[in-house]
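The structure is given below, and queries will be raised subsequently.
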Amino acid sequence: MSDHYVKVKVQLEQMKSSGEGVEKEEADMIEVLVASPEVLVASPPASVSPVPASCTPAAQREPPKTSVTCRNQSKSRRKLGKDEKNTGTKQDSVPALQGTIVASNANLGKPVNRKDHEQQTLQIKGTGKMLQGKTETNGNAVPIHLPEDNKVDPHNKEDANKVAKRRKPVTVDTFKAKTSLEALKLSIRQLKWKEFPVGRRSACDIYWHGVSFHDNDNIISGQVNKFPGMIEMLRKINLTRAVRTMQELFPEEYNFYPRSWILPEEYQLFSTQISLAKDGDVSQKPTFIIKPDGGSQGDGIYLIRDPGDLRVIAGSHTKQSVVQEYIHKPLLIDKLKFDIRLYVLVKSLEPLEIYIAKEGLSRFCTEPYQEPSQKNLSHVFMHLTNYSLNVQSGNFVHSDSLSSGSKRTFSSVLYRLASKGVDIKKVWSDIISLVIKTIIALVPELKVYYQADIPPGKPGPTCFQILGFDILLMKNLKPVLLEVNANPSMRIEHEQEVSPGVFEYVPSPVDEEVKVGVIRDTLRLMDPAQKKSLTSYPEHQQEELSGSPVRGAGEEGRVLPSMCLKQVFPKYTKQFSYLRTVERITALFLRFLGVKGNMRLGPTGFRTFIRNCKLSNSHFSMATVDILYIDVTRRWASMLPGSREAGMGLQAFVEAFFYLAQRRFKSLPLREQVVSLLEVCEAQLENQGRGDPGGALPEDSTSSTRRSVSCGRTQPVRTVHPHHMSTSTPGQALSAPQLCSPATPRRASSQDYRLHQRLRPTHKGNVEN
Ligand code: ADP
């Protein structure tokens, strides 16, 4: 164990036990916040407890220590520094330390072959030591396993001890865990569960994948820590599309995502809109950030001030990317830009369950911030907060403290802001609201992927997933969503150069503090026994139990720390359920898609949908339905060139649905049009379910009747731009022999709308900048 690490560890432990220093003050502050939930903000109005000072104690263990000789130092750094985000493919293709490992105790100097790689990695990271060594007392007890017969009181320590002794440990297959392995091992050890590092012939309770659901395709039971389709959905273009659909329905609620355009398809639109905006206001000199679609860790990102500066790849074609309004007034601390990495657990899609880690990371730039100018556009250490980039700057500070340096805990930042008079409860509550809304935007498409991979009625695992939300605070404290990572790095060590060209992996206290807690508590929530037993408790007690400290069932009778994951959904269902409109459209889509494992609706399926929902009539013949199908499907196929499956995907279906809603309820704002049509469809299908074939409502009567119903169901309409009212009439659009695409004008006009939508200040604070 390095002296340095021991010192850090001792310091941390001392601070914790004596309650000294900043962490103690943070703890006090957070105690106050947790104790006064009613002060939390209007949206969501219910309580949200902010960050506790000690989400998790850093695990007690021998520090892993690895020396790496780097032939090419900067290359190696770059590779190993790929920290805060590991997209699946990249992670897959970059074995941890291929061939360059020189010091891992017994393995010193031995070549690493591919087959041995996973185990080798274990040793590299010191986990071999951990596995082989005697079981240390880690100060934690095994989790509570509520008795299935409920005859044992889980709050009774003796009973809980009995249960823990009686029960077989939960089994976790860690074979595919990749870079999360070390934090996972620590978590499993703290829980006293059983790890299967090279897999197991019989089924495990939990499978931990490092990249994707498909890391192992032979799982037919248990739980996998990845959802099918999550990587795809969180690519920059797809995330932008999903949020955009929500922005069309709920522009005010979804203004936390910067205006974005998808390239190359929207280049013209982008150019025109920017020129128009400049013509309207010559003082406007906006900056834009270009992000390659599949990029991560800042790769390929650059800033521009003029659409003409877009880099042209391969002739006139720009690479698939997102161009986004650059937030030029971020909140600064010590004159530095920083962002927030928050860990979010999607525990289940149906019913939707979301947890947020109360502790996160703040990653700082390493060059003082200046608003973008032509001169500083290329200063990545000033504008990009990526750890993987800034760690290469000479100014990067690796700190042993959780509240200083270039990577800190989010709670330490909140503490700093609170000391300057910022209303941090509002900040935290806005962040939670952003997270819930973002997940609501993603769920529809995720459900389609889920059903395709795990059709109802077929054997398969259930899924959960930890996501990494990257959030920027604007100077006015409004949180802005930058991106969501499907595979946030769970590494708990960082690389350090111990002598020229020789690098060591040393534990990173701040990463360990945050990440081990997130993994351990995710496991606790996924404990199959606890899940099963909880359902027999009344709902209000379920959350309390699942979120309560795991009680003393271990030999030492000690307890694990209280949960660092806080349930936010369904807890705040009331505030957010009105946003789940696209999910209702998705339910229709899935119904007509069937359960054969495909993700695209064929023309017959679309016709059946129209027929069963009684949406055709003399003004809207089945021939016109076919034209609509072809038109929308073609347009989406041209936008998604890589897709191999033919037919109408969910996004195209939503497009067609919006169009049908607009023409049928033309006098209403878009979201009411959509809700009204949904009610028509749902009522029709319900009637058919009851065997009432005559349940169709005459088209003209629905507008007024349904309108009042929908107003009752949805939230009061806030501001909806007038362009949503000016849709074409059924006569205009549908009696024309050639149906022009409904989607293009709708998209274009909603872009227009957003052009005038600024990310509005919601709160002012006395903040250093
Ligand atoms: P990557 O996946 O490559 O990390 P991000 O979308 O996270 O891509 O962007 C990288 C960094 O660029 C972010 O960490 C942030 O510092 C900065 N950034 C991204 N989008 C914006 C934006 N719209 N305004 C200001 N800064 C941004």
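Find the percent of Cα-Cα distances in segment 567-678 that exceed 16 Å, and round it to a whole number.
Of all Cα-Cα distances in segment 567-678, 63 percent exceed 16 Å.
With a sphere of radius 13 Å drawn around the Cβ of Lys447, what net charge do the other residues whose Cβ falls strictly inside it have (Lys, Arg +1; Asp, Glu -1)?
-1
Take every Cα pair under 8 Å in segment 258-377 that's 6+ residues apart, average their separations, divide by the length, and report that relative contact order as a whole percent.
Relative contact order of segment 258-377: 25 percent.
If each of Thr608 and Arg634 carries a label point 7 Å out from its Cα toward its Cβ, how far apart are those two points in nm?
Result: 2.6 nm between the two label points.
So, one more: Label segment 451-510 by shape, choosing from rounded, prolate and oblate, from the square roots a ≥ b ≥ c of the eigenvalues of the Cα gyration tensor; if a/c is under 1.5 it is rounded, and otherwise prolate applies when a/b is larger than b/c, oblate when it is not.
Oblate, because a/c is 1.5 or more while a/b does not exceed b/c.
If you don't mind, another one. Counting just the Cα atoms, what span does segment 196-349 cover along each of its three principal axes? Round to the nearest Å and put the largest first.
For segment 196-349, the Cα spread along each principal axis is 68, 42, 35 Å.
Per residue, what volume in Å³ does the Cα convex hull of segment 370-492 take up?
Residue-normalised Cα hull volume stands at 173 Å³.
List the GluC sites (Glu not before Pro) within segment 220-297 that fall in a DSSP loop (any state other than H, G, I, E or B) and whose Cβ has at most 12 other Cβ atoms within 10 Å.
Filter output for segment 220-297: Glu252.
Does segment 318-438 come out rounded, prolate or oblate by the C-alpha gyration tensor, with a ≥ b ≥ c the root eigenvalues, rounded set by a/c under 1.5 and, if not, prolate when a/b is larger than b/c and oblate if not?
Judged from the Cα gyration tensor, segment 318-438 comes out oblate (a/c at least 1.5, b/c at or above a/b).
Another question, then. In a shell of Cβ-Cβ distance under 13 Å around Gly602, excluding Gly602 itself, what net charge do Lys and Arg (+1) and Asp and Glu (-1) give?
Computed value for this residue: +1.
DSSP loop (so not H, G, I, E, B), at most 12 other Cβ within 10 Å: list which trypsin sites (Lys or Arg not before Pro) in segment 576-609 pass both filters.
For trypsin sites (Lys or Arg not before Pro) across segment 576-609 that sit outside H, G, I, E and B with at most 12 neighbouring Cβ atoms in 10 Å, the list reads Lys596.
On full extension of the chain, what length is gained from Lys574 through Ser404, given 0.36 nm per residue of separation minus the C-alpha to C-alpha distance?
Stretched out fully, the Lys574 to Ser404 stretch lengthens by 57.3 nm.
Using Cα-Cα distances under 8 Å and only pairs 6 or more residues apart, what relative contact order does segment 459-538 have, in percent?
Relative contact order here is 17 percent.
Going by the alpha-carbon gyration tensor, a ≥ b ≥ c the square roots of its eigenvalues, is segment 553-619 rounded (a/c under 1.5) or, if a/c is not under 1.5, prolate (a/b greater than b/c) versus oblate?
It comes out prolate by the Cα gyration axes.
Mind listing the long-range amide H neighbours of Val498? Cut-off is under 5 Å, sequence gap 5 or more, other chains count too, H placed in the peptide plane at 1.01 Å from N.
Correct list: Phe503, Glu504.
Name the long-range amide H neighbours of Tyr207: under 5 Å, sequence gap of 5 or more, or other chain; modelled H, no Pro or chain starts.
Amide H neighbours of Tyr207, under 5 Å, 5+ apart: Asp173, Gln223, Val224, Asn225.
Which value, in Å² rounded to 10, gives the accessible area of Asp453 with a 1.4 Å probe and all protein chains present?
Result for Asp453: roughly 60 Å² accessible.
The values are calculated or read from the model by the stated rules, or taken from the named source; none is laboratory data. Only a predicted model underlies this, so the values are computations on that prediction, with no experimental measurement involved. With ideal geometry, Cβ positions are generated from the backbone for all residues, glycine too; neighbour counts draw on all protein chains shown. Accessible surface areas use protein heavy atoms only, side chains included; no ligands, DNA or RNA. Shrake-Rupley method; radii C 1.70, N 1.55, O 1.52, S 1.80 Å.
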